[in-house]
Amino acid sequence: MNLARLDLNLVVALRALLEERNVTRAGQRVGLSQPAMSAALARLRRHFDDDLLARVGGHYELTALGQVLLDRTSTAYDVLERLFSSQADFDPARESREFRLVASDYAVAVFGTELARVVHEEAPGIRLRFTQTPPTVVDGTATLLSATDGLLMPHGVISGFPATDLYDDRWVVLVSRDHPGAGDRLTRRDLARLPWVTYQRTYDAPAVRQLGMLGIEPRVEVSVDNFQLLPLMIAGTRRIGLIQARLARVLAPVAAVRVVEPPYEAVPLREALWWHPVHTHDAAHIWLRETAARVGAGLPRGDGDRG
């Protein structure tokens, strides 16, 4: 296939046709007349040697190939859109645009709030949109990064994409302030006998997976999909849970809980900003990455460090 001979406008038409499954609506969506969209569909059918849309009764359904192309076309469209919106120069004080960052509630609370404050002061026309990390992040990293401006995630979960390190953190154990069976220290036996609250997306908690390597199987009583719910599920109970030290400090006023050091050397946590290579030389993204690195380096020490 010779890319130079392809009309990239067909990517726009293909996405609209596959998502709308209707020639008229697809044309209205991209600003083409019905004859022009019908002509685009004919060209696409010749290229793929497939109907893509098959009439079933009074409506159209995707063929098997059309279904395969649905997700791929969306990803290709996002990459092309971001590629052709790249800028050689970027003045944060004058520009007006939105950056979409995918992050857990932990990363937003610990880092995103400070990033938003700095952006508010230095780039008043810039908007930040944080969206929750999806469960498919590990298997669908390329697709996710192609449709966003960056992913906040610790090292050790994904690889193969460029990243900028932001800050370090460590794992601690959270217990109720009046826990009857937990003193100033916990033993590995305590970890095995006490009930747990865990973050259900285990890829964000390698320290939990580390327990299995130590022969400790947490007795999970409650699981949540939000790190900030952990203290509320622990306060006033016998439950325990692992949480990031920086987040524990932020949430200290929220619930009657306290921090205890884990009875093993929990793997450290290094948060990073990951991005798709299409953004590497874009002036706007260079500014975003440099600003993020500066904000991360400026976070107070002592929360995620031992001394």
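Restricting region 46-69 to residues that are assigned to a helix (DSSP H, G or I) and among the small types (Gly, Ala, Ser) leaves a set whose member that is farthest from ASN22 (Cα to Cα) is ALA64.
I'd like to check something: does region 28-38 contain any residue that is open to solvent by 60 Å² or more (accessible area, probe 1.4 Å), of a type in the set (Gly, Ala, Ser) and modelled with pLDDT under 85? No.
Scanning region 279-302 for residues that are basic (Lys, Arg) and part of a helix (DSSP H, G or I), which turns out least open to solvent (accessible area, probe 1.4 Å)?
Filtering first and then ranking leaves ARG289.
For region 34-52, residues that are of a type outside the set (Phe, Trp, Tyr), farther than 12 Å from ALA13 by Cβ and touching a helix residue (DSSP H, G or I) at 6+ places or on another chain (Cβ under 8 Å) total 3. Restricting region 80-97 to residues that are modelled with pLDDT of 85 or more and open to solvent by 70 Å² or more (accessible area, probe 1.4 Å), the residue that is farthest from ARG270 (Cα to Cα) is ARG94. The set of residues from region 118-171 being modelled with pLDDT under 90, open to solvent by 40 Å² or more (accessible area, probe 1.4 Å) and in contact with a Ser or Thr (Cβ under 7 Å, 6 or more places away or on another chain) comprises just one member, THR143. Within region 182-193, is there a residue that is within 23 Å of ARG301 (Cβ to Cβ) and either aliphatic (A, V, I, L, M) or surrounded by 15 or more Cβ atoms within 10 Å (Cβ to Cβ) (or both)? No. So in region 266-278, with the set limited to residues that are modelled with pLDDT of 90 or more and in contact with a strand residue (DSSP E or B) (Cβ under 6 Å, 6 or more places away or on another chain), which one is most open to solvent (accessible area, probe 1.4 Å)? Of everything passing the filter in region 266-278, ARG270 is most open to solvent (accessible area, probe 1.4 Å).
Can you confirm whether region 222-237 contains a residue that is open to solvent by 50 Å² or more (accessible area, probe 1.4 Å), touching a helix residue (DSSP H, G or I) at 6+ places or on another chain (Cβ under 8 Å) and assigned to a helix (DSSP H, G or I)? The answer is yes; a qualifying residue exists. (1) more than 35 Å from the chain's Cα centre (by Cα); (2) in contact (Cβ under 8 Å) with a residue 24 or more places away in the chain: which one isn't true of LEU62, the others all being true? Going through the list (1) more than 35 Å from the chain's Cα centre (by Cα); (2) in contact (Cβ under 8 Å) with a residue 24 or more places away in the chain, LEU62 breaks only (1).
Output yes when any residue across region 53-65 is closer than 22 Å to GLU81 by Cβ and open to solvent by less than 40 Å² (accessible area, probe 1.4 Å), and no when none is. The answer is no; no qualifying residue exists.
The values are calculated or read from the model by the stated rules, or taken from the named source; none is laboratory data. Values in this document were obtained by computation on a predicted structure and should not be read as measured data. Positions of Cβ are generated from backbone atoms using ideal geometry, with glycine treated the same way; all protein chains shown enter the neighbour counts. Calculation scope for accessible area: heavy atoms of the full protein, side chains included, ligands and nucleic acids excluded. Shrake-Rupley method; radii C 1.70, N 1.55, O 1.52, S 1.80 Å.
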